1. First check a/c for the chain, with a ≥ b ≥ c the square roots of the eigenvalues of its C-alpha gyration tensor; if it is under 1.5, answer rounded, and if not, answer prolate when a/b is larger than b/c or oblate otherwise.
2. Averaged per residue, what accessible surface does the chain expose to a 1.4 Å probe, in Å²?
3. Modelled label-to-label distance, Gln40 and Glu160, 7 Å Cα→beta-carbon offset: nm?
4. Accessible area, 1.4 Å probe, largest first: how do Phe199, Phe221 sort?
5. Set Lys and Arg Cβ to +1 and Asp and Glu Cβ to -1, take the dipole of region 266-344 about its Cα centre, and tell me which of Cys302, Cys283, Ala271 lies farthest positive.
6. Say each of Arg137 and Ala69 gets a label point 7 Å from the Cα, pointing the same way as Cα to Cβ; how far apart are those two points in nm?
7. Rounded to whole Å, give me the distance from the Cα center of region 29-99 to that of region 145-161.
8. What does the extension gain come out to for Ser116 and Asp265, with contour length at 0.36 nm per residue minus their alpha carbon separation?
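The values are calculated or read from the model by the stated rules, or taken from the named source; none is laboratory data. Keep in mind the model is a prediction, meaning the values are calculated, not measured. FYI the Cβ positions are ideal-geometry reconstructions off the backbone, even for glycines, and counts take in every protein chain you see. These area figures cover heavy atoms from the full protein model, side chains too; ligands, DNA and RNA do not enter into them. Shrake-Rupley method; radii C 1.70, N 1.55, O 1.52, S 1.80 Å.
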Amino acid sequence: MRIEDIRWEQTLDRVRVAATVRWEDCDRATQDVYVEAPIQFAPGVAASSDAFLVAGLLPAMRHGERRLAVSGEICPRLLIGLKDAMQLLSVWYGYSNPVTIESKNRVGSALAATPSKRAAFFFTGGVDSLTTLRVNRRQFADGDPEYFRDGLLICGLEVEQLDAFQYVVDGLTDLANESGVTLIPIYTNLRSLDDDWVFWADQFESSVLAAVAHTLHGRLFSASIASSYDYGCLHPHGSHPLLDSNYSSASLQIRHDGAGLSRLDKTRILAEWERGVKSLRVCNRSDTYRPGLLNCGRCEKCLRTLTALMVLDKLDSAESFANREVTADVVQKSLEITPMNYPYWAELVGPLEAKGFSQLSQVIRTAIRYFETNGGWKEAVVRFDRQYLNGLLLRVRNSFSRTTASWSSAVLAELCLKDHVAMASSWLPSI
Ligand SMILES: [Zn+2]
């Protein structure tokens, strides 16, 4: 992969940094990728080689690129971190060859950490993100360098439609203003480097967030990513305490925040902040967004958030949900326990029973038991693969998904899973 022509451009109302990405060892078309911010933020936006290197590295590794040659100068601290990140991802996912980074070292990077720079966080409106803001406000006084002054809200990730994104911006603007946060809407197509959502969740997520932050390194000294899982539930994931900080440079720290708290712990903190609960945006069904209503109230993610709020007697405050009905029947229709949501639902069962919601807790218990009986073996296969096959099954899966967007059990059978193809065909796409 070559990342070239890294440039800073100005349009009528936005500033854009862009780069041209040329693939060398796989059959993928040359791409222009960009990050844009409103024009008033132009002084802090830089044509950062660090940013595009961070964004391109994991897709390059996944698609078998032997090198990543990036134009411009790269922070040597970042290079050390990226090598660690590649090593970690190789352990997790069975990559056999790291990408060789070809770049020129920048000299004097640490000098860029000036007192005028700001602490930022990724301001999605979700439980994790708002808890990160809430805890920051409890810990630091205005004027402290650690006091979040910027909130980064990104269009082009889970929300791509401009009208839906504008509803999110509008929905979070008052909260930002009341919290002393400058909300910075960011527009990017970096995810187009590999738009597979499984790859996103497993590996890509925090590198894209970090890349966006690096384009603002003229303004920021830190950017905090709210944790998705607490320490008790950690597993290989695209945002992880062992991974995220590797995307830091000498002048910009990328932080993984809040892994000491479970999702229910965070919701409990948020429940004490009425304004935060009213502004929640947890739903990924952006096609259902309407002004002031940023959550469908019917999807699995909405329902588990509403269930937690019900346990905490805050359901009435959840004004940004189009539906707030949480009953055993409603939950049963949408609930499927997966490895990703298992810890979130499991921690709700006890509190629901303690509050007398026995019918609902029984529905969740049944779903968890079904997962543990019928889905638990998938996890056992993954563990077996990691421990005894050195990630062979995952490498098969990765090499296969590099060559085609979809897969067939017939091809898998040709690879190496002859004895287990029926079993593998049901778990490979979901890991
Ligand atoms: Zn929803």
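1. Numbers: a/c = 1.82, a/b = 1.09, b/c = 1.67.
Note, shape of the chain comes out oblate.
2. Numbers: 18380 Å² over 431 residues.
With the other protein chains kept in place, the chain gives 43 Å² per residue.
3. 3.0 nm
4. Numbers: Phe199 0, Phe221 30 Å².
Ranked list, largest accessible area first: Phe221, Phe199.
5. Cys283
6. For Arg137 paired with Ala69, the spin-label model returns 5.0 nm.
7. 19 Å
8. Numbers: separation 149, 0.36 × 149 = 53.64 nm, distance 3.36 nm.
Result: 50.3 nm gained on full extension.
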